[in-house]
Structure formats: structure tokens, C-alpha cells
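In what follows, a structure is listed as C-alpha cells, so that the remarks can point back to it.
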Amino acid sequence: MFKNILKRKSSREIAKDRLKILLISDRVNCSPEMMEMIKNDIAKVISKYMKIDAKSMEIQITKTGNRGRGLKNPTLYANIPILDLNHDIP
Amino acid sequence: MSEVIVVTSGKGGVGKTTTTANVGTGLAAMGKKVILIDTDIGLRNLDVVMGLENRIVYNLVDVVEGNCRIKQAIIRDKRYPTLFLLPSAQTRDKSAVNPSQMVKMIEHLKDQFDYIILDCPAGIEQGFQNAIAGADRALVVTTPEVSAIRDADRIIGLLEANEIHKMDLVINRIRYDMIRRGDMMSSEDVVDILSLPLIGMVPDDESVVIATNQGEPLVGSNTLAGRAYQNICHRILGREVPFLDLEKGISFWAKVSGIFHKN
């Protein structure tokens, strides 16, 4: 029970999470659902080879790469925490 | 060398006009020659925030249409001799002016002023295009709310597409008590999401409402918001000023209480 109270997200975190997802789709005209599907597919593929933390993985598409550096092509960034590199394939 | 700054946000009501008035007044108080241009045609506001609404004879549209000389439309501020205002038209609409006319007018003003500050209307239509047409740099104003940040992100994309790459972020209406409770995004959160350099954090301060009631910009006054705006002016001039002590003090507590909110 105590764990549940601590695990409750603050509205600040909810706002941040919603914005992150929202801006991804705003920036590429791609729906949050589709981004979620891309994310899940990437996780599935990587999981074949190593153990990853799919829950805290993040993907992001930026329109100009890194802002201010003048890159024009959209870039897909994936931040995938690896739990175990030598994960045996079941 | 004069610099043309557009103050923009996308969303309405986040504090563009207040920021324009205070940054302009602050720069003039520091001895710079400044003109503020209200580009919100049809919904003019900057004049009332500056307390200059009774002095308007001609406006931006009159200048562009050639009904008067530009000198006749410019109003001198009542407090600072180097501060001027070019008011917008109240009874016309956005389409009365186009971006190339704005560029031409700004070019004409460039050799007379150190800073030309454009107060941009809300939205991304022609009024926005007019306001950014002649700008060298932008102050993007937002509040720590989902809707305002989303619109700011849109605006940043549009500014980039229009080759305005010098952009700085002003976060307005920050409530430290709420950040401490974990109920408002902190300036770090907002910077993290928008990835723009931060030029100012303005607390949600009653004195802003009082100052607007009186038509007196509060920059430089001994209020939190007044000091925050003063610091923005220093940073525009390229001086390095630390962010306000109180903000630092409280953000430390925000971190401490954040430990209890996380996980």
C-alpha cells in the first residue's frame, strides 16, 4: 500500500510525459499511436539480442536533428536502456 | 548596430505584451534607444500596458498606408526619453499590413534605434508572419503548462523555417510553491522539452497585475517579477547574470521534495 502512494505520479510528471509524446507527433505529423507501435517494434527486435528495459525506453523524432545546428533532415533517436548485454535467446 | 527582437508565443495570454513592455522599458532604462511596435492589428494592447493609450494619433497601418510620416505615429514614453511606441490599429484587421511592408518599415527604423521590439499577436497567421518578417532574434514566451509549451514548440519550428535561429526562452508565471509540490513543471523541465537557451524565468507575481492596472511597467522595481525582467534585459545585452537567488533557493527545495514525489 505504502509503495502505491510513493509510486503515484505527480501532475508535473504527467504533464511532462504527455508533452513528450504530443510533441513527437506534432513535429512529424505522426500519431502517438503510431509512435507507440514503432517503439514496441524496435523493442521487440532489440530484445531478440539483448535484455532491455522496454518500459523506460524513449523514442523521439526531431525535425532538424539537434536544434540550432542547421540539420534539416528529421532524425529518429531511440534511448534504450540495456539491462544485460549477454542475454541468452530463449 | 540595431537589433530587431520579436516577442512571440503562439498561445495567447502567456505574457507577450507584458514581456515586450518590460524588456523594452528595461533596455531604455539602461540607456538604449528602443522602439516597441505593437503588431497585433485589431487587438491593440501594448499601449494600455505602457499607459500611453491617450497619446495615440496615428498607428502602424497609417504608416504603412502612407497616411502619415512614421515620426508622426511614434509616441515617446512618459518615463524614459529613449523609449518609443508605435501603436497598432484597433479598427483594422491583420490583412491591412503584409510582411514586405513590415520589413521595409523596420529597415527604415534600424538606423534610428538600438533595439526594435515587436510584440507579436497570438496565432500563426498573417499577424505572426508580419511580426517575424524583419526580426533578427526571438524571445519565445511560454508558461509551464502543456498547451503553452505545445504552441511554443510549433512557433519554434516556424521561426526556424523562417531562418530565425537566434531564439531564447522566457518562462512566465512560474509558481514555486506548485513546483515544490510536484504540481508544476520546473524551468528545467520546460528547457528540456523545448531545448532552447533560457533567458528568463518570471514568477507568477501579483505585482504584474497591479502594474498593468496602473499602466506602469514594473521592470527594475523591487518585486520578484521586476527583477526577473531586469535580468532578462541584462542578458539581452550579453551580460551574464545569475538567475534570481530565490529561484535557486526554492529549486533546491524542489529537488528535496522531488525525492519524495519520485517513485
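So which residues in region B:173-188 are open to solvent by 40 Å² or more (accessible area, probe 1.4 Å) and within 8 Å of chain A (Cβ to nearest Cβ)? Hits for region B:173-188 are B:Arg181, B:Asp183.
Among the residues making up region B:71-119, those that are under 20 Å from B:Val48 (Cβ atoms), over 21 Å from the mean Cα position of the chain (by Cα) and surrounded by fewer than 20 Cβ atoms within 10 Å (Cβ to Cβ) are B:Thr91, B:Arg92, B:Asp93.
The number of residues in region B:58-82 being outside any helix (DSSP H, G or I) and closer than 21 Å to B:Met102 by Cβ comes to 8. Within region B:22-43, one or more residues are open to solvent by less than 10 Å² (accessible area, probe 1.4 Å), of a type in the set (Gly, Ala, Ser) and under 18 Å from B:Ala73 (Cβ atoms). Of all residues in region B:120-167, exactly one satisfies the criterion of being among the β-branched types (Val, Ile, Thr), under 24 Å from B:Arg44 (Cβ atoms) and open to solvent by 20 Å² or more (accessible area, probe 1.4 Å), namely B:Ile124.
Filtering region B:59-70 to residues that are over 19 Å from the mean Cα position of the chain (by Cα) and surrounded by 13 or more Cβ atoms within 10 Å (Cβ to Cβ) leaves B:Asn59, B:Val61, B:Asp62, B:Val63, B:Val64, B:Glu65, B:Cys68, B:Ile70. Exactly one residue out of B:Val191, B:Val170, B:Val202 is within 14 Å of chain A (Cβ to nearest Cβ), within 22 Å of A:Lys16 (Cα to Cα) and either hydrophobic (A, V, I, L, M, F, W, C) or open to solvent by 60 Å² or more (accessible area, probe 1.4 Å) (or both), and it is B:Val191. The set of residues in region B:1-21 being within 23 Å of B:Pro144 (Cβ to Cβ), open to solvent by 10 Å² or more (accessible area, probe 1.4 Å) and not in a loop (DSSP other than H, G, I, E, B) consists of B:Lys16, B:Thr17, B:Thr18.
The values are calculated or read from the model by the stated rules, or taken from the named source; none is laboratory data. Values in this document were obtained by computation on a predicted structure and should not be read as measured data. As a convention, Cβ positions derive from the backbone with ideal geometry for all residues, glycine included, and neighbour counts pool all protein chains shown. Only protein heavy atoms, including side chains, enter the accessible area calculation; ligands, DNA and RNA are left aside. Shrake-Rupley method; radii C 1.70, N 1.55, O 1.52, S 1.80 Å.
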